[in-house]
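Colleague: Structure provided below as structure tokens; questions to follow.
Laboratory data are not the source of any read-out in this text; all were calculated from the coordinates shown. Predicted model, so just to flag it, every value in this text is computed and none were measured. All Cβ positions, glycine included, derive from the backbone under ideal geometry; neighbour counts span all protein chains shown.
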């Protein structure tokens with residue numbers, strides 16, 4: 001049984017009005033425990049709508065979502081439980097901070113779960129550690145933190161709920177390159193140490209290819225591809241056709257292959273590329 | 001959910017009403033509102049009601065939107081009508097304990113209901129067919145004479161433009177913050193009154209913070225572009241009355257005269273209002 005199974009999922013905005021639009025169209029897939037999945041697509045490709053359906057913030061107009069084999073909308077009154085299991089970090093999550101101290105803000109989710117005070121404290125501390133927030137910052141007001149710290153505090157607020165599945169919508173948007181790298185490696189190490197499932201939405205194929213095991217490519221509300229990272233990049237040219245950027249190094253490899261060099265085109269990191277090119281020279 | 005709110009929203013279009021000068025629309029709307037309350041018998045009320053429907057048709061905005069704006073106030077309409085129904089004076093037609101319904105009560109109830117609905121509909125026409133910038137331009141021009149009293153008309157108009165401009169932005173922002181807090185298990189739908197009020201804090205605090213941030217950013221952007229208030233400022237688009245404005249003025253004058261004539265010639269059914 002898969003951890004999360006999505007069957008013929010569709011969502012239509014503004015049914016019956018002039019603005020009617022199918023945001024997600026007949027998506028079916030299953031996600032296993034422990035996978036790190038990257039989701040990529042244009043603005044308006046339906047990826048935000050898709051992930052919001054996964055934790056019950058948006059109710060699908062058609063299709064079902066099974067979490068641990070159970071339809072999440074079976075009992076609409078229990079949808080909050082689903083949201084604790086499927087944690088969601090929105091774009092620019094720092095705008096959701098509201099408490100007097102960072103500690104209290106991170107504790108908001110666990111508190112809503114109805115946990116005991118000791119456990120809440122423990123969870124706040126460990127969540128803060130995952131995102132590398134120093135303990136002295138926890139007593140400060142969230143509005144005194146720097147931009148990057150705010151972002152990490154907000155992510156900690158979701159991690160503290162200890163969800164089985166963590167979904168992050170463009171967590172690196174608006175960060176500088178260093179901040180981006182640090183955050184991505186923190187997410188990656190969180191994934192490794194907890195061995196839970198992570199879904200990461202991003203614009204950057206470069207970022208995603210570095211850390212995701214599998215990639216879901218969305219295009220115009222449809223599932224364009226869903227496969228292991230390596231296999232996705234063997235379809236590099238098709239992906240470029242729908243207007244998505246592929247990593248620069250993949251482009252180079254495709255270009256070289258076109259010029260007659262016997263090189264694989266499913267390469268997405270510079271190290272792999274170096275190895276392949278050196279191998280070619282040796283022959 | 002919040003996106004459903006249509007109040008103060010503009011729907012671009014090419015109808016006659018869209019082409020009218022905002023100043024004329026504001027003036028005629030004001031007259032309309034006055035005349036809705038001047039109606040004294042069913043005939044003049046019917047004239048106003050029918051002409052409101054006529055204006056709605058001319059606007060070519062989907063009837064669903066008008067229906068929605070009425071739906072928003074239907075509770076108030078029912079409540080005030082019901083209240084008036086039982087407070088009429090005169091011979092009771094129906095009585096049950098202290099509750100009694102009289103002919104006068106029924107008349108007032110009908111008048112109140114029709115007046116409120118007509119008021120909301122006709123005001124929606126203005127906002128649906130006039131872009132916020134045109135609207136405030138119109139208001140600014142109409143209030144210009146007040147500068148004599150040292151009232152800073154341009155600044156007021158600018159503030160209104162900005163406020164209107166940010167309604168959809170803030171609604172969208174509220175939606176986002178609500179989703180984010182819901183994802184952290186916030187519960188807005190259950191609990192007693194106090195709990196529900198408390199549940200608003202996680203929404204209101206971030207909303208205020210972001211509203212202030214936007215305000216500061218905007219002030220900075222405006223200053224960077226050398227904005228310094230209304231003195232010596234000229235307009236790219238100068239408002240001009242067109243033939244549609246005079247046509248509208250003509251038609252509505254006929255309607256208004258009709259209402260006055262009906263009021264004077266026919267027996268009065270209702271004395272409340274103006």
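Colleague: Which of rounded, prolate or oblate describes segment B:166-235 when judged by the alpha-carbon gyration tensor and an a/c cut-off of 1.5?
Modeller: Verdict is prolate for segment B:166-235.
Colleague: Now, a different point. Compute the whole-percent fraction of alpha carbon pairs in segment A:4-246 spaced more than 34 Å apart.
Modeller: Value for segment A:4-246 (Cα pairs over 34 Å): 16 percent.
Colleague: Still on this structure: With no solvent and one point per C-alpha, what does the Debye sum give as log10 I(q)/I(0) for segment B:189-274 at q = 0.14, 0.23, 0.24, 0.27 Å⁻¹?
Modeller: Calculated log10 I(q)/I(0) at the listed q: -0.80, -1.20, -1.20, -1.18.
Colleague: Right, here's the next one. Considering only C-alpha atoms, what is the centroid distance from segment B:145-179 to segment A:1-63, in Å?
Modeller: Going from one Cα centre to the other spans 36 Å.
Colleague: Now for a separate question. Which number do you get for Rg(Cα) / (2.2 N^0.38 Å) in segment A:179-283?
Modeller: 1.17
Colleague: Sticking with this one: Under 1.5 on a/c is rounded, so check that first for segment B:127-170, then, if it is not, pick prolate when a/b is larger than b/c and oblate when it is not; a ≥ b ≥ c are the square roots of the alpha carbon gyration tensor eigenvalues.
Modeller: Taking the square roots of the gyration eigenvalues as a ≥ b ≥ c, segment B:127-170 is oblate.
Colleague: Let me ask another. What are the extents of the Cα atoms of segment A:141-213 along their three principal axes, listed from largest to smallest and rounded to whole Å?
Modeller: 37, 27, 18
Colleague: Please work out how much length the chain gains when fully extended from residue A:275 to residue A:78, using 0.36 nm per residue of separation minus the C-alpha to C-alpha distance, in nm with one decimal.
Modeller: Here the segment from residue A:275 to residue A:78 would lengthen by 65.7 nm.
Colleague: Between segment B:75-126 and segment B:187-238, what is the separation of their alpha carbon centroids in Å?
Modeller: 39
Colleague: Here is a further query. Send over the per residue convex hull volume for the protein assembly as shown, Cα only, as a whole number of Å³.
Modeller: Cα-based convex hull of the protein assembly as shown, divided per residue, equals 236 Å³.
Colleague: Here's something else I'd like to know. Once the piece of chain linking residue B:213 and residue B:80 is laid out straight, how much longer is it, given 0.36 nm per residue of separation minus the C-alpha distance between them?
Modeller: Residue separation times 0.36 nm, minus the Cα-Cα distance, leaves 43.8 nm.
Colleague: Given R₀ = 56 Å, what would the calculated FRET efficiency be for residue B:148 paired with residue A:175, taking r from the Cβ atoms and rounding to 0.05?
Modeller: Step by step, r from the Cβ atoms, then E = 0.55.
Colleague: Given the -39500 (n - 2.57) contribution per DSSP H run of 4+ residues, what per-residue ellipticity at 222 nm results for the protein assembly as shown, rounded to the nearest 500 deg cm²/dmol?
Modeller: Rounded to the nearest 500, the figure is -17500 deg cm²/dmol.
Colleague: May I ask you to give the average projected area over all directions of the convex hull of the Cα atoms of chain B, in nm² rounded to one decimal?
Modeller: For chain B, averaging the hull's shadow over all directions gives 20.5 nm².
Colleague: Could you give the semi-axes, largest first, of the ellipsoid that matches segment A:1-120, computed as the square roots of 5 times the alpha carbon gyration tensor eigenvalues and rounded to whole Å?
Modeller: 28, 19, 15
Colleague: Here's a follow-up. Which semi-axis lengths, in whole Å and largest first, follow from the square roots of five times the eigenvalues of the Cα gyration tensor of segment B:124-274?
Modeller: Calculated on Cα positions only, the semi-axes equal 40, 30, 14 Å.
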